[in-house]
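Everything on this sheet refers to the single structure shown next.
The values are calculated or read from the model by the stated rules, or taken from the named source; none is laboratory data. None of these values were measured; they are calculated from a predicted model. Note: ideal-geometry Cβ built from the backbone for every residue, glycine included; neighbour counts use all protein chains shown. Side chains included, ligands, DNA and RNA excluded: accessible areas come from the protein's heavy atoms. Shrake-Rupley method; radii C 1.70, N 1.55, O 1.52, S 1.80 Å.
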Amino acid sequence: MKLYHHPLSGHSHRVHLFLSLLGCPHELVEVDLAARAHKQPEFLKLNAFGQVPVLVDGDAAIADSNAILVYLCKKYGKTDWLPETPKEAAAVQRWLTVAAGDIIFGPAAARLATVFAAPVDTEAAIARAHVVLRRMDDALAGSPWIAGPKPTIADVALYGYTARAPEGYVDLKDYAHVRAWLARVEALPGFVEFRRTPVGLAA
């Protein structure tokens, strides 16, 4: 398998992290986003949306980070990471949606302004970040993992941009349960770190 990624992309990191947690052999192929390699015809054949990550597995090219997490669970029969019972599967899906929505428009957007100098309404992004972090903290007050008693791909999907939220001036000090959860993710066998950038509160 080949993972087309960028080391500063939280979407890419969640796939890299999960491949490592599963112990799946893979090759990392860094996509030069600054040179707009992701918008070139060769890459667009892999993902018409022109975004990283993309996982190439034989004849299959799987785009979208959360879709790749699901693909890997199904490919390897990892029902511990993606339960099949209705209630547990719905709990994971709920937080995958948060990872694709509130996290992206909150802490990920705030970080875009500092790491990539993107034109972002940082005040609004930081405010949204604190809303979702409070909801996560409340959920983690009663459970060690976001979707239940065991780690799932929901934890993998939420980790990267949450861990690097301070890079976008989003302080995690008021979210003790979130900080403890981050430490639990980092203690998982096979954990790989999301590259740090010395900006924002992390400068």
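Identify all residues within segment 92-117 that are of a type in the set (Gly, Ala, Ser) and open to solvent by 30 Å² or more (accessible area, probe 1.4 Å); write none if there are none.
Correct list: Ala100, Ala117.
Within 19 Å of Ser12 (Cα to Cα), open to solvent by less than 30 Å² (accessible area, probe 1.4 Å) and under 18 Å from the mean Cα position of the chain (by Cα) - does that describe any residue in segment 170-186?
yes
For segment 129-159, which positions are open to solvent by 40 Å² or more (accessible area, probe 1.4 Å) and either in contact with an Asp or Glu (Cβ under 9 Å, 6 or more places away or on another chain) or part of a loop (DSSP other than H, G, I, E, B) (or both)?
Scanning segment 129-159 gives His130, Val131, Arg134, Arg135, Ala141, Gly142, Pro144, Pro149, Lys150.
Any residue in segment 73-88 that's over 11 Å from Gly148 (Cβ atoms) and open to solvent by 70 Å² or more (accessible area, probe 1.4 Å): show its pairings with residues that are part of a loop (DSSP other than H, G, I, E, B) and at pLDDT 95 or above at Cβ separation under 8 Å, as long as the two are six or more apart or on different chains.
If the second residue must be part of a loop (DSSP other than H, G, I, E, B) and at pLDDT 95 or above, the pairs left are Lys74/Leu82; Tyr76/Cys24.
Which members of segment 4-63 meet the condition of being closer than 29 Å to Gly168 by Cβ, in contact (Cβ under 8 Å) with a residue 60 or more places away in the chain and outside any helix (DSSP H, G or I)?
Matches in segment 4-63: Pro7, Leu8.
Go through segment 83-128 and report how many residues are of a type in the set (Val, Ile, Thr), over 14 Å from Thr152 (Cα atoms) and not in a helix (DSSP H, G or I).
1
Within segment 11-43, track down each residue that is crowded, with 22+ Cβ neighbours inside 10 Å and touching a Lys or Arg at 6+ places or on another chain (Cβ under 7 Å).
Matches in segment 11-43: none.
With the checklist (1) closer than 29 Å to Leu140 by Cβ; (2) over 19 Å from the mean Cα position of the chain (by Cα); (3) open to solvent by less than 70 Å² (accessible area, probe 1.4 Å) in hand, flag the one item Leu46 doesn't pass.
(1)
Kindly establish whether His5 is in contact with a helix residue (DSSP H, G or I) (Cβ under 7 Å, 6 or more places away or on another chain) and surrounded by 15 or more Cβ atoms within 10 Å (Cβ to Cβ).
Against the criterion (in contact with a helix residue (DSSP H, G or I) (Cβ under 7 Å, 6 or more places away or on another chain) and surrounded by 15 or more Cβ atoms within 10 Å (Cβ to Cβ)), His5 qualifies.
Taking Val52, is it open to solvent by less than 30 Å² (accessible area, probe 1.4 Å) and either under 20 Å from His16 (Cα atoms) or of a type outside the set (Asp, Glu) (or both)?
Yes; evaluated as a whole, the condition is true for this residue.
In segment 99-153, how many residues are at pLDDT 95 or above and either of a type in the set (Phe, Trp, Tyr) or in contact with a strand residue (DSSP E or B) (Cβ under 8 Å, 6 or more places away or on another chain) (or both)?
4
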